[in-house]
Amino acid sequence: MSNILVLNGPNLNLLGTRQPDVYGRETLSMIEADCIKYGGTRGALISCLQSNHEGALIDAIHAAKSGQQGIVLNAGAYTHTSIALMDAIASVELPCVEVHLSNIHAREEFRHVSYISKVAIGQICGFGSRGYIMGIDALLAHLDMCDDK
Ligand code: DHK
């Protein structure tokens, strides 16, 4: 069984009411419940965590090293600013799929840059909450591929 961490960063606790035209109407609890349920159908154990604090996100990435096989990460605005989060992912050497609800490349220019992309195995953006399920799928496919080697 694969253990996967679904990690969400700043302001994503406000999903459902936060700019629904951009981020959709689903709450984070709904998204997390969907991820856990979907993981169950794929034989994966999904743990979910959200924090508005960069250090807490870094701690969660470090903790994932013992027990988790990969991370699905929406780092929110830290995506565009945090070298520290990028370094944390590189340090633990866990495969990470970067997810965004919105298509960051079709938005303001400052959102086009992602430090997470430099260390992620790939990025999924623009598919709303479905992106998290796509992220879990991509991570499981990656882990399967690594097992086959
Ligand atoms: C979420 C955020 O909070 C923004 O800061 C990012 C991302 C985009 C999303 O689309 O999920 O720029």
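The values are calculated or read from the model by the stated rules, or taken from the named source; none is laboratory data. A quick note: this is a predicted structure, and the numbers were derived from the prediction, not measured. Note that we place each Cβ from the backbone using ideal geometry, even for glycine, and neighbour counts take in every protein chain shown.
Provide a single number: the residues in segment 85-129 that are charged (D, E, K, R), part of a loop (DSSP other than H, G, I, E, B) and either within 16 Å of the ligand (Cβ to nearest atom) or crowded, with 20+ Cβ neighbours inside 10 Å (or both).
Adding up the residues that qualify gives 2.
Where residues in segment 34-59 are in a strand (DSSP E or B) and small (Gly, Ala, Ser), which of them is surrounded by the most Cβ atoms within 10 Å (Cβ to Cβ)?
Of everything passing the filter in segment 34-59, 44 is surrounded by the most Cβ atoms within 10 Å (Cβ to Cβ).
Given the structure, is residue 42 modelled with pLDDT of 95 or more and within 16 Å of the ligand (Cβ to nearest atom)?
For residue 42, the condition - modelled with pLDDT of 95 or more and within 16 Å of the ligand (Cβ to nearest atom) - is not met.
Could you list, in sequence order, all residues of segment 3-24 that are exposed (fewer than 15 other Cβ atoms within 10 Å of the Cβ) and either away from the ligand (no atom under 14 Å from the Cβ) or closer than 24 Å to residue 140 by Cα (or both)?
Listed by number, the list holds a single entry, 3.
Going by what's in this entry, would residue 31 be described as part of a helix (DSSP H, G or I), buried (at least 18 other Cβ atoms within 10 Å of the Cβ) and either free of Cβ contacts under 8 Å to residues at least 12 places away in the same chain or within 13 Å of the chain's Cα centre (by Cα) (or both)?
yes
Report yes if some residue within segment 138-149 is surrounded by fewer than 19 Cβ atoms within 10 Å (Cβ to Cβ) and assigned to a loop (DSSP other than H, G, I, E, B); otherwise report no.
The answer is yes, given that some residue of segment 138-149 is surrounded by fewer than 19 Cβ atoms within 10 Å (Cβ to Cβ) and assigned to a loop (DSSP other than H, G, I, E, B).
With the requirement that a residue be modelled with pLDDT of 95 or more and of a type in the set (D, E, K, R), what does segment 106-149 give you?
107, 108, 109, 111, 118, 130, 137
One residue is enough: does segment 60-77 have a residue meeting the conditions within 12 Å of the ligand (Cβ to nearest atom), in a helix (DSSP H, G or I) and either among the β-branched types (Val, Ile, Thr) or on the phi > 0 side of the Ramachandran plot (or both)?
yes
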